[in-house]
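Read the structure below first, then the notes.
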Amino acid sequence: MLKILAFAGSARKNSFNKAILKIAVQGAIDAGAKVTVIDLADFPLPLMDEDLEAKSGVPANAQKFKQLMMEHEGLLIASPEHNSAYSALLKNTIDWASRREEGEKPLEVFKGKVAGIMAASPGALGGLRGLVSLRMLLENIGVMVLPNQKAVSKVAALINEQGGIDDEQTIAGLKRIGKELAETMAKLNRQ
């Protein structure tokens, strides 16, 4: 069974990006994938620091996150846009996961993965600028990023009292990201 690791680049409890991630996850599940959803708030990490790494090694939470990455072939990532880029939380987590441990090839944890990316923002662009830099980062470290992505603009107006989204067009677009990820992974698996 195809395995996807899903997470948002936000630690905020009522994160807009966690809300959109849930919908994309359902699209992947509907398409036959097994999805593991994690919250990066459960993997607190210090700022990436090679002196700290030399002194104490790779933090345990980075090792746990990295192990989860190794166990999954696909990634669903929802990232808030912070100052026209992806979040510092997401970057720091990726930086720690990229650290090579004994017996590992460079960036081994990322190579061959396939990712679907999305963003949500109260602004008019929906986090689109952050997706450009996130795509560049992921592709530079060996992840194949789906051509289609989803930026949900003015998301605050779409969130209902339960913290979900009711807008059918938005739901369809987000589910399509999860579905396309599962379908792309299945095609690659058959080759």
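For (1) at pLDDT below 95; (2) closer than 18 Å to Ala172 by Cβ; (3) of a type in the set (Lys, Arg), each residue gets a yes or a no:
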residue: Ile4; (1), (2), (3): no, no, no
residue: Phe7; (1), (2), (3): no, no, no
residue: Lys18; (1), (2), (3): no, no, yes
residue: Ala31; (1), (2), (3): no, yes, no
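Checking each residue in segment 1-30 for being closer than 19 Å to Arg176 by Cβ and surrounded by fewer than 21 Cβ atoms within 10 Å (Cβ to Cβ) picks out Lys22, Gln26, Ile29, Asp30. Mind checking which residues of segment 93-107 are without any contact (Cβ under 8 Å) to a residue 12 or more places away in the chain and on the phi < 0 side of the Ramachandran plot? Matches in segment 93-107: Arg100, Glu102, Glu104, Lys105, Pro106.
Tell me which residues, restricted to segment 1-47, are of a type in the set (Asp, Glu) and in contact (Cβ under 8 Å) with a residue 40 or more places away in the chain.
Selection gives Asp30 alone.
Kindly indicate whether any position in segment 49-67 is within 16 Å of the chain's Cα centre (by Cα), under 30 Å from Gln162 (Cα atoms) and of a type outside the set (Ser, Thr, Tyr). Yes; the residues of segment 49-67 include at least one that is within 16 Å of the chain's Cα centre (by Cα), under 30 Å from Gln162 (Cα atoms) and of a type outside the set (Ser, Thr, Tyr). For segment 31-47, a residue qualifies if it is crowded, with 18+ Cβ neighbours inside 10 Å and within 18 Å of Ala97 (Cβ to Cβ), and the qualifying residues are Leu40, Phe43, Leu45. Residues in segment 16-42 that are basic (Lys, Arg) and under 11 Å from Ala78 (Cα atoms) were compared, and the one that is nearest to the chain's Cα centre (by Cα) is Lys18. Among the residues of segment 174-191, just one is more than 19 Å from the chain's Cα centre (by Cα), assigned to a helix (DSSP H, G or I) and among the polar types (S, T, N, Q), namely Asn189.
The values are calculated or read from the model by the stated rules, or taken from the named source; none is laboratory data. Everything numeric in this text was worked out from a predicted model, so none of it was measured. Reconstructed Cβ throughout: ideal geometry from the backbone, glycine too, with neighbour counts over all protein chains shown.
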